[in-house]
Amino acid sequence: MKTFLFPGSFDPFSLGHQDIARRAARLCDRLIVAVLKNSDKAPVFTADERVSMAKTCLSGIDGVEVILFEGLLVDLYRKLGASAVVRGLRGESDFRIEAEMAAVNKLLFPEYDLILLPCNADMVFISSSTIKEVAVFGGDISKMVNPEIVDFVQSKILERKARN
Ligand code: PNS
């Protein structure tokens, strides 16, 4: 039973994340999408909302589970007996960050392994930060997030803007 782990803040879950999860699920028996609970990036969406968005976007893909996690990724990796972590790669800057994180994780747990899946060309410019930046000014995010969550993402971001 090959388990891959796809961790992230997913604030919010993008079409890019969805595509990576869909492709990663084909490469393993069980894909655990692990939503980081206490991200130091001060997420806009609550942990429960981020889990719920991921579940909605990934429903219908066999072998995928969504969980919440906190603490070290390697501890979860070890606990689940994972074979690899999967992350999407949009470009060079992602590569530098991923290589650094992988080096730390490998130092903590030498059996740790990482699979980087290159993003599809039409998704290279999609990031959670871009989605939030476009949505806060009322821009169209329908090409960046799953249709099932577009309204939720848009309204939460506008509500938050109105409050601040
Ligand atoms: O979507 P993100 O914010 O780029 O995901 C980053 C994530 C969740 C993969 C990373 O922050 C993480 O693994 N956090 C858990 C804490 C940890 O293990 N840190 C040591 C590795 S640098």
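Within the chain, count lysine pairs with alpha carbon atoms under 18 angstrom apart where the residues are 8 or more positions apart or belong to different chains.
12
Between Glu100 and Ile115, with labels modelled 7 Å along Cα→Cβ, what's the label distance in nm to one decimal, could you check?
In this crude label model, Glu100 to Ile115 measures out at 2.6 nm.
Taking Cα centroids, how far is the range 1-25 from the range 103-117 in Å?
Taking the Cα centre of each part, the range 1-25 and the range 103-117 sit 17 Å apart.
Would you kindly state how much longer the chain becomes between Arg78 and Val124 on full extension, computed as 0.36 nm times their sequence separation minus their alpha carbon distance, in nm to one decimal? Intermediate values should be presented prior to the final figure.
On the way: separation 46, 0.36 × 46 = 16.56 nm, distance 3.08 nm.
The Arg78-Val124 span can extend by a further 13.5 nm.
Just grab the label-to-label distance for Leu108 and Lys37, each label 7 Å out from Cα along the Cβ direction, in nm (one decimal).
Each label point is offset 7 Å from its Cα along the Cβ direction, giving 1.5 nm.
With +1 assigned to the C-beta of every Lys and Arg and -1 to the C-beta of every Asp and Glu, and no other charges, what is the dipole magnitude of the chain about the Cα centre in debye, to the nearest 20? Write down the numbers at each step before the final one.
Details: 21 positive and 22 negative charges, 19 e Å.
With only Lys, Arg, Asp and Glu charged at Cβ, the dipole is about 100 debye.
For n ≥ 4 DSSP H runs only, could you compute -39500 (n - 2.57) per run for the chain, divide by its residues and tell me the 222 nm figure to the nearest 500?
Computed ellipticity for the chain at 222 nm equals -13500 deg cm²/dmol.
Could you give the Stokes-Einstein D for the chain in µm² per second, using the C-alpha Kirkwood radius, 10 °C, 1.306 mPa s? Don't jump to the answer; show the numbers that get you there.
Numbers: Rh = 16.2 Å.
The calculation lands on 98 µm²/s.
Where the centroid of each part is defined by its Cα atoms, how far is the range 125-154 from the range 71-94 in Å?
Each part reduced to its Cα centre gives a spacing of 25 Å.
No lab work stands behind these numbers, since they all come straight from the coordinates. All values derive from a computational prediction rather than experimental measurement. Heads up, the Cβs are rebuilt from the backbone with ideal geometry, glycines too, and the neighbour counts pull from every protein chain shown.
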